[in-house]
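Structure first, then comments.
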Amino acid sequence: MSRLSIRSFLKKEKITIIFGLIIFFYILGVHLIFEIEKNKSIYISFLYLFLFFMYICFLYFESNRDYIEETYIINKRDYKKIFEMKASPLSKALYEEIKENKVYRDEEERKREDVKKYLTIWTHQIKSPIFALKLLLKKDEINRLDCEKEIFEIEEYVGNILGYVRMNVDSTDYVFGRHDLDIIIRSVIRKYSIQFIGKNNSVDFSETKKIILTDAKWFSFLLEQIISNSIKYTENGKISIYLRDNELVIEDNGIGIMPEDLPRIFDAGYTGYNGRLEKKSTGLGLNLTKNIGKSLRITLRCESEVNVGTRIYINLKNILS
């Protein structure tokens, strides 16, 4: 049942409306001709006009009753009644729209829950380095290296939440160009040099000698998330970065990932056993890398063995220049 427009309704009820207006002017004319009290005649005439207008409104809504009922039922998501409704074009169209948008609505709801969970964890965790920094600054002898570690950790948390927010808006600022992969990797290694030293980890970087077509800022952010994870779960070990069959491999010999956690490490909010043990994981770092990877046309996969180490593979096939 389609909605009857006001114009169509007026056209349909043209005779009724004309007849009603004739009666209005007739009543008004009679009162004026026979010199009935002016105020009383105007009152009676406009009372009739008001009642006639209400009657026309009633006719209009009565004409659209089916449309109004169907729209109400569908807006209330009363699926039982939707199926009971007669198969009108309106009900079919609106039901199809609901069906098509259901996945989208569920996804939006899931995202809102993810944001809420992430912000709760993030707010709690960023307090730790801030509190630690305050304690360090109260000491008589300030250890600059310790302060830099805490400041870096705060910057990481801030960078992560900014990256998370930017990835969840439609206007994400991608600027694609040809970039030297080795320069990007070296830049990330330099950024995390203090963390490598703090965990007594060595770096084994084999030059790739490759040019990639990408957004350098977002690709760097992706690498930072992966390398940061490797450092976090590796101590007195080695982190290797090399190219194998068009895949950039970031390998560590850290604590590894539990087999039951491996399939879900790229899921939003999933921290796994290691994250719960470390108590510093928001569970969104690797999810960010997956989403960034989609935007940059690259895919990621992971191999890991507990107490042996982890390898993250970044497939560069689509962006090698």
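The values are calculated or read from the model by the stated rules, or taken from the named source; none is laboratory data. Keep in mind that what you see is a predicted model, and the values were worked out from it rather than measured. In this analysis, Cβ positions are derived from the backbone assuming ideal geometry, glycine residues included, and neighbour counts consider all displayed protein chains.
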Practice prompt. Check Y174 against each of (1) surrounded by fewer than 17 Cβ atoms within 10 Å (Cβ to Cβ); (2) of a type in the set (S, T, Y); (3) over 30 Å from the mean Cα position of the chain (by Cα) and name the one condition it does not meet.
Written response: (3)
Discussion item. Being modelled with pLDDT under 90, surrounded by fewer than 17 Cβ atoms within 10 Å (Cβ to Cβ), more than 22 Å from E207 (Cβ to Cβ) and assigned by TED's automatic domain parsing to the domain that holds L181 is the requirement here; does R276 meet it?
Written reply: yes
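Residues are listed down the side, and each one gets a yes or a no for (1) of a type in the set (A, V, I, L, M); (2) surrounded by fewer than 11 Cβ atoms within 10 Å (Cβ to Cβ); (3) within 30 Å of S295 (Cα to Cα):
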residue	(1), (2), (3)
I121	yes, no, yes
I130	yes, no, no
K134	no, yes, no
L137	yes, yes, no
E150	no, no, no
G159	no, no, yes
G163	no, no, yes
Item to complete: Give the residues of the stretch 174-221 that are closer than 20 Å to G254 by Cα and assigned to a strand (DSSP E or B), sorted by residue number.
Response: S202, V203, D204, F205
Item to complete: Could you grab the pairs with beta carbons closer than 6 Å, sequence gap of 6+ or different chains, first residue in the stretch 237-262 and closer than 21 Å to E224 by Cβ and free of Cβ contacts under 8 Å to residues at least 12 places away in the same chain, second one acidic (D, E) and surrounded by fewer than 16 Cβ atoms within 10 Å (Cβ to Cβ)?
Response: none
Discussion item. Can you confirm whether R190 is within 26 Å of V115 (Cβ to Cβ), out of contact with any Lys or Arg (no Cβ under 6 Å at 6 or more places or on another chain) and among the charged types (D, E, K, R)?
Written reply: no
Item to complete: Being surrounded by 22 or more Cβ atoms within 10 Å (Cβ to Cβ), of a type in the set (G, A, S) and over 26 Å from H179 (Cβ atoms) is the filter here, so list the residues in the stretch 215-268 that pass it.
Response: G254
